[in-house]
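Each remark here refers to the structure printed beneath this line.
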């Protein structure tokens, strides 16, 4: 189980680039350098909602957060999260 990293340009003012770190422990981290903003959420707290111009990634964690992604980037991230979750389930089942 390896931590996976993807980089996407957001559909936000200024179009910042975000580094999305998918941790097999069930956590997504989004680093918006150089602003220094870091967003964290557990997979179960995340939702992807299409909004015509892109897909909104939301986290229902305490204060919550939302980021807009291109549809294709959101699909790639959602697929990676699904694959990592499946790998974790397989590993736990094998133990």
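The values are calculated or read from the model by the stated rules, or taken from the named source; none is laboratory data. No experiment lies behind these values; they were computed from the predicted model shown. Heads up, the Cβs are rebuilt from the backbone with ideal geometry, glycines too, and the neighbour counts pull from every protein chain shown.
Restricting attention to region 13-26, the residues that are under 13 Å from residue 80 (Cβ atoms) and in a strand (DSSP E or B) total 4.
When we screen 89, 63, 12 for residues that are modelled with pLDDT under 95, exposed (fewer than 15 other Cβ atoms within 10 Å of the Cβ) and touching a strand residue (DSSP E or B) at 6+ places or on another chain (Cβ under 8 Å), the only hit is 12.
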